[in-house]
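Report on one structure; see the data block that follows.
The values are calculated or read from the model by the stated rules, or taken from the named source; none is laboratory data. Fair warning: this is a prediction, and the values are worked out from it, not measured in the lab. A quick note on method: Cβ atoms are made from the backbone with ideal geometry, for glycine too, and the neighbour counts reach across all protein chains shown.
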Amino acid sequence: MAAPDINFFGQPEPGSPRPFSAATRAGGLVFVSGHSAPHDPARGIRRGETPADEVRNALAHIAGILAEAGSALDRVVQMTMLITDPADYAACNAEYVKHFPGGLPARHTARFGVPTQARVAFSCIALADDGAKDRRA
């Protein structure tokens with residue numbers, strides 16, 4: 001059982017192959033797990049055709065998770081960008097900077113390989129909005 005000052009968002013279903021929460025809020029911070037752009041062809045949801053599309057769609061997904069946890073992209077203090085192909089780095093960066101017009105958070109980038117076709121994924125740490133209510137998802 002979690003301490004009362006730790007809130008988990010997007011808990012996995014029992015038996016899920018993804019044994020982690022979408023985000024955790026604790027100590028005035030929101031920690032968002034790694035997420036790529038949503039992909040569910042059966043529902044007409046696709047990651048995107050280009051690396052820039054995937055960045056845009058992944059950051060929109062991250063923004064939704066942050067909102068649920070009481071934060072926003074403009075409150076991100078540290079971002080991790082995971083890419084599968086270094087050749088996509090420039091295209092990913094060109095789209096990424098558009099999402100942080102108020103200033104770029106600290107960031108590191110690493111190559112990743114997971115059982116997915118995603119080209120890019122993000123995780124982050126953001127300041128929680130002190131005025132937001134904690135909600136459990």
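In segment 74-100, how many residues are assigned to a helix (DSSP H, G or I) and exposed (fewer than 14 other Cβ atoms within 10 Å of the Cβ)?
Looking only at that region, the number is 6.
Just for segment 110-137: of the residues that are assigned to a strand (DSSP E or B) and touching a Phe, Trp or Tyr at 6+ places or on another chain (Cβ under 7 Å), which one is modelled with the lowest pLDDT?
Across segment 110-137, the extreme among qualifying residues is A121.
Considering segment 59-78 alone, what residues qualify as being without any contact (Cβ under 8 Å) to a residue 12 or more places away in the chain and over 10 Å from the mean Cα position of the chain (by Cα)?
Result: A67, single match.
Can you find a residue in segment 101-115 that is among the basic types (K, R), surrounded by 15 or more Cβ atoms within 10 Å (Cβ to Cβ), out of contact with any helix residue (DSSP H, G or I) (no Cβ under 7 Å at 6 or more places or on another chain) and closer than 25 Å to L29 by Cβ?
Pass one, segment 101-115, residues among the basic types (K, R): 107, 111.
Subset that is surrounded by 15 or more Cβ atoms within 10 Å (Cβ to Cβ): 107.
Subsequent filtering for residues that are out of contact with any helix residue (DSSP H, G or I) (no Cβ under 7 Å at 6 or more places or on another chain) retains 107.
Still in the running and closer than 25 Å to L29 by Cβ: 107.
Checked segment 101-115: at least one residue is among the basic types (K, R), surrounded by 15 or more Cβ atoms within 10 Å (Cβ to Cβ), out of contact with any helix residue (DSSP H, G or I) (no Cβ under 7 Å at 6 or more places or on another chain) and closer than 25 Å to L29 by Cβ.
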